[in-house]
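Below: the structure, in structure tokens.
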Amino acid sequence: MKIGLGYDIHRTCEGDGIWLGGVRIAAPFTLQGHSDADVLLHAITDAILGALADFDIGHYFPPADAANRDRKSSDFLLFALARMQSAGYKIGNLDCNIICEIPRIAPHREQIRAAVARLMQVDLAQVSVKGRTNEKLDAIGEERAVACQAIVLLVNESR
């Protein structure tokens, strides 16, 4: 078994919605990023790469590379999943925290879980997504950023 931890944070900017786990959610802002800025998929991608003791997402998809401009974050996750499978592992389970004051995550939780499970080709029971606030503290609490944490357990395919 291998465990990986992923984290990502993006600033908010003028807009009308954000991507979380491949799901578009209405919000009074969007997230600033070179790709579609799906902070949840970025954190999951880094958790998988970390479990493999691999490079991070920025190594494979540098923000300075024009090919990554407005790219779907699902591409990054699918890349990490392919590396995981090539190394002989599969997902045991995934646990994620989405940290923001708004939008509220609870009304979207099941849709996000289902989208992530579908994208990762795992059972819904293997995917946990929780919403957290930062109790109005720092950039996240002031609605100037959204962050995500993800932890993943990889198990050997032969088991």
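Just need a number here: residues in region 43-57 that are surrounded by 13 or more Cβ atoms within 10 Å (Cβ to Cβ) and more than 19 Å from N93 (Cβ to Cβ). Residues meeting the conditions: 3.
Look at region 61-81: where a residue is on the phi < 0 side of the Ramachandran plot and surrounded by 19 or more Cβ atoms within 10 Å (Cβ to Cβ) and a partner is among the hydroxyl-bearing types (S, T, Y) and part of a helix (DSSP H, G or I), sitting 6+ places away or on another chain with Cβ atoms under 6 Å, you get F76/T45; L77/T45; A80/T45. Applying the set (1) within 12 Å of A150 (Cβ to Cβ); (2) in contact with a Ser or Thr (Cβ under 7 Å, 6 or more places away or on another chain) to L49 leaves exactly one unmet item: (2).
Return yes when N97 is surrounded by 17 or more Cβ atoms within 10 Å (Cβ to Cβ), at negative phi and either outside any loop (DSSP other than H, G, I, E, B) or at pLDDT 95 or above (or both) and no when it is not. Criteria met by N97.
When region 89-107 is filtered for residues that are more than 15 Å from the chain's Cα centre (by Cα) and more than 25 Å from V155 (Cα to Cα), the ones remaining, listed by number, are E101, I102, P103, R104, A106, P107. Looking only at region 125-145, decide whether some residue is in contact (Cβ under 8 Å) with a residue 40 or more places away in the chain, in contact with a helix residue (DSSP H, G or I) (Cβ under 6 Å, 6 or more places away or on another chain) and part of a strand (DSSP E or B). Checking region 125-145: at least one residue is in contact (Cβ under 8 Å) with a residue 40 or more places away in the chain, in contact with a helix residue (DSSP H, G or I) (Cβ under 6 Å, 6 or more places away or on another chain) and part of a strand (DSSP E or B).
Being within 25 Å of G131 (Cβ to Cβ) and either surrounded by 14 or more Cβ atoms within 10 Å (Cβ to Cβ) or among the small types (G, A, S) (or both) is a description that does not apply to G88. In region 112-128 there is no residue matching the filter, namely being hydroxyl-bearing (S, T, Y) and exposed (fewer than 15 other Cβ atoms within 10 Å of the Cβ).
The values are calculated or read from the model by the stated rules, or taken from the named source; none is laboratory data. Fair warning: this is a prediction, and the values are worked out from it, not measured in the lab. Every residue, glycine as well, gets a Cβ built from its backbone with ideal geometry; the counts of neighbours run over all protein chains shown.
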